[in-house]
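Handing you a structure now.
The values are calculated or read from the model by the stated rules, or taken from the named source; none is laboratory data. Owing to the predicted nature of the structure, the values given are computational and were not obtained by experimental measurement. Positions of Cβ are backbone-derived with ideal geometry, glycine not excepted, and every protein chain shown enters the neighbour counts.
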Amino acid sequence: MARKVGLNFIGCSIVAMVFIIGVAEATDYIVGEGFGWSVPSNESFYTDWASTKRFFVGDNLIFNISGEHSVGIRTEATYYENCNTSLLTGFTFIGVNGSNSMFRHNIIPPTGPRYFLCTVGNHCERGQKFSISVESHPDSAAPTTLSFRILSAFLSSLAVYFFTVTS
């Protein structure tokens, strides 16, 4: 009987911890889906693609590159809006002139706008660019800390244990 109660306590503890702590997963986004990172026939292709998604710190952007392309990242809108790639100083590059390459970009803090564009030739002017707004993950905005969640899970499990023992 005591062994059964002990196993019930362990089982309830695990279930309570899963529900109370929760798990925040990163999402992998393949930029351009099956089209990949290339010059689109529609100038709004990548803008349309990005507008249907929410991007959080910790998510990943995966660029499948075939041909001569680059991936430059800026945090200022001016370079993005004007496709000004003449001054490459200040760009962060995650892939340069790849030929059948794949690059993964992990979205890190801070939150706010990010601008992605190809700096090769007139690719940016032809629509090989998009912007995103990076948000904090909804779980990180919660006022509770991880240690408080663990304590809550433990106390909840303890309450369930005593409830099952006395019943």
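With the stretch 16-117 as the region, which strands (runs of 3 or more DSSP E) entirely inside it contain at least 1 residues that are at pLDDT 90 or above and among the small types (G, A, S)?
Because the criterion is at least 1 residues that are at pLDDT 90 or above and among the small types (G, A, S), the strands (runs of 3 or more DSSP E) in the stretch 16-117 that meet it are 112-117.
For a quick check of your reading of the model, give me the residue pairs whose first member lies in the stretch 46-63 and is under 16 Å from Q128 (Cβ atoms), whose second is of a type in the set (S, T, Y), with beta-carbon atoms closer than 6 Å and at least 6 apart or on different chains.
As it stands, the answer is L61/Y29, since those pairs meet every condition given.
Just the residues that are buried (at least 16 other Cβ atoms within 10 Å of the Cβ) and touching a strand residue (DSSP E or B) at 6+ places or on another chain (Cβ under 6 Å), please, taken from the stretch 58-68.
L61, F63, N64, I65
Looking only at the stretch 23-47, which residues are of a type outside the set (A, V, I, L, M) and surrounded by 13 or more Cβ atoms within 10 Å (Cβ to Cβ)?
T27, Y29, G32, F35, G36, W37, S38, P40, E43, F45, Y46, T47
Collect the residues in the stretch 109-123 that are in contact with a Ser or Thr (Cβ under 6 Å, 6 or more places away or on another chain) and within 21 Å of N64 (Cβ to Cβ), keeping them in residue-number order.
Hits for the stretch 109-123 are Y115, C118, T119, V120.
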